[in-house]
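Data first, discussion second: the structure below is written as C-alpha cells.
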Amino acid sequence: MKLSVIVPVYNMAARDKLTWCLDSLVRQTISDYEIIAVDDCSTDNSLEILRDYERRYPDKFYVIASKENKKQGGAKNLGLERAGGDWIGFIDSDDWIAPDFYEKLLTRAEETGADMVGCDYHLTCEHSMKIGKIVHNNKPSQAGILTKEKYKSLILDSGSLVVKIYRRHIILDYPNRFPEHIFYEDNAISNSWMLRAKHFEYLEEPLYYYYQHDSSTVHTITRKRCEDRMEAARVMVKEAKQFGYLEEYYAEIESSFTTLFYVNTLFSYMAGVKRKEYGFVKAMGREMRKTFPGFMDNLYYQERVHAEERKLIKMHMKSTVYFMAYYKLLWGYRNLRKRLSRG
C-alpha cells in the first residue's frame, strides 16, 4: 500500500461539507491508496454518510466508529492504528483537495528521495474548485536535504500538517501519538515529526482547499479552546525534552511555545472571550515565566511579536490587574472611535 489518508470526522454532514471532502478523496488520480475515516461519536448523520462511502468503495474506504469522543487527535490515533501505507497523510473533514493532490506529492517524493513533502493551500468560503486566497505553507529555503538551519526554520514556521505527507517510519516507529481530548493537536507533535525527516520537498502550488466557516477551530474562541492551545504547547515542550532536542533548538522551541501558549492565547482570549477571568490571565503569565523565564530576551520574540503586543506583555508581566484594565480601556476607546467614524 502506497498511501494511507486519515480523516477525523465529527458532525460534518450539514451543507455537504463531508461529501465534498470524501468525493475529493475517492476521485484521486492515484490507485494504490486507502482512506481511513474515523467518526468521533458524531451526533448527526456523518457516520451514515461514511458507511455509504464504505459500501460504494470497499477496496479503499474504511470506517472506524470511535466509542468515545476524543477530539481530532484521538480520531487520528485510531486511524494510525489501522494505517498500512508507506506514506501517511491527513485531511480535515470540512476541507477538500485537487484530484492530483497526492499524485503530485508522491511523484515529487519519488523523484527526490524526500521523506516529507508538502504544498500550498487556498482559503475559500464556498464549495467549488475555484482558486481562493493562496497561502504559502512553507518556504523554498526550507526544502532539500535538511540541515540544522533548515530545521530551525521549520520549527519556527512549520506550516500546516494536513498539506504534507510523511514517510511511515517518521510517525509509526515511535510511541508518541497525538494528544487526545484537545484541539490544536498538530502543534503538539509536528516538531518531532519534522526533526525525524531527512529531506523535505515543497511544491509551490495550492492543491488543498481550506474551508472557512464559523465553526472552524481557528474561528472559535472560548476559554476551553485557549486551554487546549496551552496544553498543546506543554506537550510540544515535553516532546522536545523526551526526544532530546530542546537544548539544541532552545531558542526556536522557546519562541514557538511563547507564540502558541502565551501570545496567541492571551490576545485571542482578551479579544474573543466575553467574561474574562483574572485568575486565568494571571496563571497564564505565571506559567509562561516559569517555563521560559527569559522569553522576552529571545531574538525571535523581538523580531516576530508586534511592538504593541510586547508593550502589553511587559505590562502583564508586572501586573495582571493593570494589564486587564488598560486593555479594556484601550479597546473600548478604539471601538468607540470606529463607531463614531462610521456615523
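Points worth noting:
- Looking across the stretch 282-306 at every residue that is hydrophobic (A, V, I, L, M, F, W, C) and surrounded by 13 or more Cβ atoms within 10 Å (Cβ to Cβ), the one that is nearest to residue 241 (Cα to Cα) is identified as 292.
- Count of residues meeting criterion [in a helix (DSSP H, G or I), farther than 20 Å from residue 322 by Cβ, without any contact (Cβ under 8 Å) to a residue 24 or more places away in the chain and among the basic types (Lys, Arg)] in the stretch 260-304: 1
- Residues being touching a Ser or Thr at 6+ places or on another chain (Cβ under 8 Å) and farther than 23 Å from residue 223 by Cα - total across the stretch 246-276: 0
- Of the residues making up the stretch 142-177, just one is hydroxyl-bearing (Ser, Thr, Tyr), farther than 15 Å from residue 198 by Cβ and part of a helix (DSSP H, G or I), namely 153.
- If you go through the stretch 140-173 and pick out every residue that is touching a residue at least 60 places away in the same chain (Cβ under 8 Å) and hydroxyl-bearing (Ser, Thr, Tyr), you end up with 2.
- Yes/no for residue 169 being in contact with a helix residue (DSSP H, G or I) (Cβ under 7 Å, 6 or more places away or on another chain) and either over 19 Å from residue 258 (Cβ atoms) or among the aliphatic types (A, V, I, L, M) (or both): no
- Residue match in the stretch 230-239 (condition: in a helix (DSSP H, G or I), among the acidic types (Asp, Glu) and on the phi < 0 side of the Ramachandran plot): yes
- Top-ranked residue in the stretch 178-218 [being in a helix (DSSP H, G or I), in contact (Cβ under 8 Å) with a residue 12 or more places away in the chain and of a type in the set (Val, Ile, Thr); ranked as surrounded by the most Cβ atoms within 10 Å (Cβ to Cβ)]: 189
- Here residue 135 meets the list (1) under 21 Å from residue 194 (Cβ atoms); (2) more than 20 Å from the chain's Cα centre (by Cα) almost entirely, failing just condition (2).
Read-outs throughout are calculated quantities, based only on the coordinates presented, and are distinct from any laboratory measurement. Since the structure is predicted, the reported quantities are computational estimates derived from the model, not experimental observations. With ideal geometry, Cβ positions are generated from the backbone for all residues, glycine too; neighbour counts draw on all protein chains shown.
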